[in-house]
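Reading through the structure tokens given below for one structure.
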Amino acid sequence: MSASLVDDKTPGDRTVMHVLYGMHTIAWASMGSLAVIALVVNYVKRGDEGDPLYLAHHRWMIRTFWWTLLWLVLTGPLWLVLVFPGAAAYTVIGLWYLYRCLRGWLRFSENRMPD
């Protein structure tokens, strides 16, 4: 990643990305509402983004959200079978979501692409 592309961004742009990653990361505490708000901002900011690093991180957060939602919906019926399979599936999905958020956030802090 070229340093000149990152240098064109303002400190406010970096702060917005950190706030978005933070909102996604602690979304569990708001029953997902922070993730939905962050997702909307990701879509809005992505549309105006020209920096490949920032664009990649917006896409990373968007994909993380939608894949998580898909897996939650697909494993939802496990709660009807017994409590344990549903809880186990949701725990694994939650840990995967947390991993993706933290990995992306750390890579963004290092000015690296998320994947």
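The values are calculated or read from the model by the stated rules, or taken from the named source; none is laboratory data. Bear in mind that the values here come from a model prediction, so they are computed numbers and not experimental data. Cβ coordinates were reconstructed from backbone atoms using ideal geometry, including for glycine residues, and neighbour counts include every protein chain displayed.
Things to note:
- Selection within the range 31-55 - surrounded by 12 or more Cβ atoms within 10 Å (Cβ to Cβ), at pLDDT below 95 and farther than 23 Å from Lys9 by Cα: Gly32
- Tally of residues being small (Gly, Ala, Ser) and either free of Cβ contacts under 8 Å to residues at least 12 places away in the same chain or farther than 23 Å from Leu34 by Cβ (or both) across the range 88-105: 1
- Taking the chain and the helices (runs of 4 or more DSSP H) fully enclosed by it, the elements with 1 or more residues that are of a type in the set (D, E, K, R) are at 3-7, 11-25, 33-48, 52-75, 83-109.
- Neighbours by Cβ (under 6 Å, 6+ apart or cross-chain): first from the range 60-87, surrounded by 14 or more Cβ atoms within 10 Å (Cβ to Cβ); second of a type in the set (Phe, Trp, Tyr): Thr68/Tyr97; Gly86/Trp79
- The single condition from (1) at pLDDT 95 or above; (2) over 10 Å from the mean Cα position of the chain (by Cα); (3) buried (at least 16 other Cβ atoms within 10 Å of the Cβ) that Ala27 fails is (2).
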